[in-house]
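To start, the structure under review is shown below, and the notes come after it.
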Amino acid sequence: MSYEKDGEKYYIVDAHSHFWDASRENWKPGREEYAKGWIDCFYGYHQLAPPETHWDYEKYLKVTPEDFEQDMFVEGYVDKVIFQSTYLYDWYTEGFNTVDKNGGLKDLLPKYADRIIVNGRFDPREGDAGLKQLEEDAKKWNLKGVKVYTAEWYKDSRGWRLDSPEAYRFLEKCQELGIKNIHAHKGPTIWPLDKDAFSPVDIDAAATDHQDLNFIVEHAAIPRIEDFCFMAVQEPNVYAGLSVVLGGLMHARPKFFAKVMGELLFWVGEDKLTFGSDYNIWTPKWQVEGFVDWQMPDDEAFTDYAKLTTATKKKILGLNAAKLYDIEVPAEFAVDTTAGETGAPGHELVDDTAGAGSQA
Amino acid sequence: MIRDAVWRALDTVYDPELDEPITDLDFVQSCTVSPEGVATVRLRLPTFFCAPNFSFLMVADAYDAVSAVPGVTRADVTLADHHASAEINGGVAAQAGFVQTFAGSDQGEAVAELDELRLEFFRKAALAGQDRVARPLVDAGAGPDELAAMNLGEVPPSDDLSRMRQRREALGLPHGDDAPLLIDANGNRIPSAQVPLHLRRARLQRVGIEANGEYCKGLLAARYPAAAH
């Protein structure tokens, strides 16, 4: 598949995708208001895409495997798609998009089985049973990554931290199982919370203490992008997942898209940003085409921000994620990236000494 | 007449996360005052699942602001179309705190009031404010030495300056005419050598807050199409 424009070839890894079931049949009896509220909220995000890409509500609730094939592989330029799961059994009888549901597409679309990468999940509060499940999932799906939701409530717990001893047991298990990519959802959460549940600060120590794991903070921790950037600049193994950044801003709020991208490129760097369409919130086609065509505006307000090169775009759209997931990329697409390598953290920015240098 | 005063009172209610008035954000769905002085205000938010803590603060602040308007005999302030509407509306009407509001709720219970949360977002707003106030000076040619030495009394008056002073005052940070323009989180003056990086951080903070606002406006317009400007 892949994408070609103006003689340049882009290898596309969609590093954040779903195959969900929000159909009415799957709304848990007694919890319909929440099941509907959840998908309606997503449908709001869907409206931030170009109008010609909008689906009607019924299709949005549940797409078919054939729709997925069309949107992802036929029209969407995607070479490899990485599934991130979301359980939500509280509202959806069969779950919203579980590991097994996402992975089931390998059987439903056998032609594309080797282009589908299934990520697992864990929740340290599930203890030994959770560890066992993770082992089983790792074996079944040959896991290279997991998705975690730190803000989720579980029994009496109001969320958990990635830098806790309980979480470290699971991170160590990941190391043992060859799972090296930890995708952390840092974003909107739904329950009454006493403090700011969006904060990504727990990634800091977890990343320092597990240098051989990569921590991909999904949605660049929007709505706490500043906390994320202040932290990520210190940690060589912290990445930003761009799903929702592209989908939610590139078309609907282009000036803010430019500012957010400018900040991410400065603080996090082009080797540590990964593209994700966040399907089925949005389709990849318009995001890939739009991003390849996109450039930092020339206006005065953006002069401090770096322009993007073709290499920058190639890395973000696929090559960075390919490195993290050991995906072999044909030579015709390749550009060097430091993704997945140990690098020196930006201490000069952390210690406030960069200002001194920039004055010289 | 009283309705205008009620609206002006709502202008003083800010989304704590976005640091913008709820009136500018189009969060006020309706606002009426009966001949008997009963003010009925209905608020709305961009999604069904907007964080209940921030949502609660806005409804409670609106209740306080509207109740204080002379001539208003009773304030009826409610939040529409939200997963915790019932709890929040009941709690605010009963003038209960956040903890009491969610006591026994099947949404889950809260364990602390929201004062610290509010302060955390004042801190963010105070940092973003330094970009808003200093950026025009930078554009006009002010360099690091000049900016590092500058006090608030030397800065041309603006709404952004007034707002930054208010946020600093709430945090107990220097905010008078002799206060430094650029300060760290503890209120210390930023040395000249660190000005460029400090301004980068302030700008990042501002971009973060404003980008959140853009998402919210986009989602609100999608949810309530008539609200699209």
Hey, among the residues in the stretch B:160-173 that are in contact with a helix residue (DSSP H, G or I) (Cβ under 7 Å, 6 or more places away or on another chain) and surrounded by fewer than 18 Cβ atoms within 10 Å (Cβ to Cβ), which one's nearest to B:GLU20 (Cα to Cα)? B:LEU161
Going through the stretch B:84-116 one residue at a time, which ones are within 12 Å of chain A (Cβ to nearest Cβ), in contact with a Ser or Thr (Cβ under 9 Å, 6 or more places away or on another chain) and not hydrophobic (A, V, I, L, M, F, W, C)? B:SER85, B:GLU87, B:GLY91
Since B:LEU204 meets every condition but one in (1) in contact (Cβ under 8 Å) with a residue 12 or more places away in the chain; (2) over 21 Å from B:GLU146 (Cβ atoms), which condition does it not meet? (1)
Out of the residues in the stretch A:239-278 meeting the condition of being in contact with a Pro (Cβ under 9 Å, 6 or more places away or on another chain) and free of Cβ contacts under 8 Å to residues at least 60 places away in the same chain, tell me which one is surrounded by the fewest Cβ atoms within 10 Å (Cβ to Cβ). A:PRO254
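For residues that are small (Gly, Ala, Ser) and more than 23 Å from B:ALA126 (Cα to Cα), scanning just the stretch B:3-37, find the one that is surrounded by the most Cβ atoms within 10 Å (Cβ to Cβ).
Looking at the filtered set, the residue picked out is B:ALA5.
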Which one is nearest to A:LYS80 (Cα to Cα), of the residues in the stretch A:141-172 that are of a type in the set (Lys, Arg) and under 22 Å from the mean Cα position of the chain (by Cα)? A:LYS144
On the given criteria, is B:GLY141 small (Gly, Ala, Ser), more than 10 Å from chain A (Cβ to nearest Cβ) and in a helix (DSSP H, G or I)? no
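Considering every residue within the stretch A:41-56, establish whether at least one is within 11 Å of another protein chain (Cβ to nearest Cβ), touching a helix residue (DSSP H, G or I) at 6+ places or on another chain (Cβ under 7 Å), assigned to a helix (DSSP H, G or I) and of a type outside the set (Phe, Trp, Tyr).
yes
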With the condition being touching a helix residue (DSSP H, G or I) at 6+ places or on another chain (Cβ under 8 Å) and modelled with pLDDT under 70, I'd like the helices (runs of 4 or more DSSP H) fully within the stretch A:314-360 carrying at least 1 qualifying residues. A:347-350, A:354-359
Assess whether B:ARG167 counts as being in contact (Cβ under 8 Å) with a residue 40 or more places away in the chain, of a type in the set (Lys, Arg) and touching a Phe, Trp or Tyr at 6+ places or on another chain (Cβ under 8 Å). yes
Taking B:ALA226 as the residue in question, decide whether it is small (Gly, Ala, Ser) and more than 12 Å from chain A (Cβ to nearest Cβ). yes
Condition broken by B:ASN53, with the remaining ones in (1) at pLDDT 95 or above; (2) in a helix (DSSP H, G or I) satisfied: (1)
Answer with yes or no whether B:GLU109 is outside any helix (DSSP H, G or I), among the acidic types (Asp, Glu), within 30 Å of B:ILE88 (Cβ to Cβ) and modelled with pLDDT under 95. yes
Contact list please: Cβ distance under 9 Å, first residue in the stretch B:179-200 and at the interface with another protein chain (Cβ under 9 Å from one of its Cβ atoms) and buried (at least 18 other Cβ atoms within 10 Å of the Cβ), second residue acidic (Asp, Glu) and in a helix (DSSP H, G or I), pairs at least six apart or on different chains. B:SER192/B:ASP145; B:SER192/B:GLU146; B:VAL195/B:ASP145; B:LEU197/A:GLU348; B:LEU199/B:ASP131; B:ARG200/A:GLU263
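Here is a yes/no grid of residues against (1) in a helix (DSSP H, G or I); (2) touching a Gly at 6+ places or on another chain (Cβ under 9 Å); (3) among the charged types (D, E, K, R); (4) facing chain B (nearest Cβ under 10 Å):
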{"site": "A:PHE198", "(1), (2), (3), (4)": "no, yes, no, yes"}
{"site": "A:ALA205", "(1), (2), (3), (4)": "yes, no, no, no"}
{"site": "A:MET231", "(1), (2), (3), (4)": "yes, no, no, no"}
{"site": "A:SER243", "(1), (2), (3), (4)": "no, yes, no, no"}
{"site": "A:GLY247", "(1), (2), (3), (4)": "yes, yes, no, no"}
{"site": "A:ASP271", "(1), (2), (3), (4)": "yes, yes, yes, no"}
{"site": "A:GLY290", "(1), (2), (3), (4)": "yes, no, no, no"}
Within the stretch B:1-43, restricting attention to residues that are aliphatic (A, V, I, L, M) and assigned to a loop (DSSP other than H, G, I, E, B), which residue is farthest from the chain's Cα centre (by Cα)? B:MET1
Condition first: of a type in the set (Val, Ile, Thr) and buried (at least 19 other Cβ atoms within 10 Å of the Cβ). Now tell me which residues in the stretch A:281-311 satisfy that. A:ILE281, A:THR283, A:VAL288, A:VAL292
Does B:GLU87 satisfy the condition of being over 21 Å from B:ALA5 (Cα atoms), among the charged types (D, E, K, R) and without any contact (Cβ under 8 Å) to a residue 24 or more places away in the chain? no
Apart from one, (1) of a type outside the set (D, E, K, R); (2) within 24 Å of A:PRO223 (Cβ to Cβ); (3) not in a loop (DSSP other than H, G, I, E, B) all hold for B:ALA86; the odd one out is (2)
Only one of (1) touching a helix residue (DSSP H, G or I) at 6+ places or on another chain (Cβ under 8 Å); (2) more than 27 Å from A:LYS111 (Cα to Cα); (3) of a type in the set (Asp, Glu); (4) assigned to a helix (DSSP H, G or I) fails for A:GLU33. Which number is that? (1)
Contacts under 9 angstrom Cβ, first residue in the stretch A:129-158 being within 25 Å of A:ALA15 (Cβ to Cβ), partner loosely packed, with under 15 Cβ neighbours inside 10 Å and of a type outside the set (D, E, K, R), 6 or more apart: A:ALA138/A:GLY178; A:ASN142/A:GLY178; A:LEU143/A:GLY178; A:LYS144/A:GLY178
For the stretch B:38-87, give me each residue that is within 18 Å of B:ALA110 (Cβ to Cβ), surrounded by fewer than 20 Cβ atoms within 10 Å (Cβ to Cβ) and not hydrophobic (A, V, I, L, M, F, W, C). B:SER85
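The values are calculated or read from the model by the stated rules, or taken from the named source; none is laboratory data. Being a predicted model, the structure only gives us computed values, none of them experimental. Backbone-built Cβ (ideal geometry, glycine too); neighbour counts: all protein chains shown.
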